[in-house]
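The next block holds one structure in the form of structure tokens; read it before the comments.
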Amino acid sequence: MTFTIAQLIDSTENWLIKGELDPSILADHFQFISPFWKCSNRTEFIDKFKNTANYKEKSLSKIIKFDPVIKCISPDLKHFSIIVQYYSKNGSRIYEALLGTVVAGLLVELRSIYDLAATKKALEL
């Protein structure tokens, strides 16, 4: 199965904001890079974000709202970004950017960029 870039962005946003991961969007050679969650291949990513409640408990449970959520697509339809600002229960405000790379209708790389120290403080990690 393959997806449009719009479908991949929507599915990625759904995972980021609600913790609901659809593994069918991930290529076999998918790679995730993040300051806190480190580097993960497809299997490791699914284990961290679908097969456990770890992400929901550690992060999402401490976020009040996401505003704004900005989505952009590259002209060649091979890359996208999702930029968010979120507010945590302890009054912090954090910016995060996700950069996605698409090949043959599947997500091959997702890179999360944010200030790790500020995020740990906001999420009380």
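The values are calculated or read from the model by the stated rules, or taken from the named source; none is laboratory data. Source: prediction; values computed, not measured. Reconstructed Cβ throughout: ideal geometry from the backbone, glycine too, with neighbour counts over all protein chains shown.
Data overview
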{"item": "Residue ID - surrounded by the most Cβ atoms within 10 Å (Cβ to Cβ), chosen from residues in region 91-119 that are small (Gly, Ala, Ser) and over 28 Å from SER24 (Cβ atoms)", "result": "SER92"}
{"item": "Single residue of SER40, SER88 found to be buried (at least 17 other Cβ atoms within 10 Å of the Cβ), in contact (Cβ under 8 Å) with a residue 24 or more places away in the chain, of a type in the set (S, T, N, Q) and touching a helix residue (DSSP H, G or I) at 6+ places or on another chain (Cβ under 9 Å)", "result": "SER88"}
{"item": "Residue match in region 94-112 (condition: touching a helix residue (DSSP H, G or I) at 6+ places or on another chain (Cβ under 7 Å) and assigned to a loop (DSSP other than H, G, I, E, B))", "result": "no"}
{"item": "Where SER24 falls short, out of the listed (1) in a helix (DSSP H, G or I); (2) surrounded by 13 or more Cβ atoms within 10 Å (Cβ to Cβ)", "result": "(2)"}
{"item": "Top-ranked residue in region 47-77 [being touching a residue at least 60 places away in the same chain (Cβ under 8 Å) and not in a strand (DSSP E or B); ranked as surrounded by the fewest Cβ atoms within 10 Å (Cβ to Cβ)]", "result": "LEU77"}
{"item": "Of all residues in region 1-12 being at pLDDT 95 or above and either under 23 Å from ASP115 (Cβ atoms) or in contact with a helix residue (DSSP H, G or I) (Cβ under 8 Å, 6 or more places away or on another chain) (or both), the one that is surrounded by the fewest Cβ atoms within 10 Å (Cβ to Cβ)", "result": "GLN7"}
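Table: residues versus (1) at pLDDT 95 or above; (2) touching a His at 6+ places or on another chain (Cβ under 8 Å); (3) among the charged types (D, E, K, R); (4) under 22 Å from LEU125 (Cβ atoms).
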site: ASN14; (1), (2), (3), (4): yes, no, no, no
site: PHE32; (1), (2), (3), (4): yes, no, no, yes
site: PRO35; (1), (2), (3), (4): no, no, no, yes
site: ALA53; (1), (2), (3), (4): no, no, no, yes
site: SER59; (1), (2), (3), (4): no, no, no, yes
site: ILE83; (1), (2), (3), (4): yes, no, no, yes
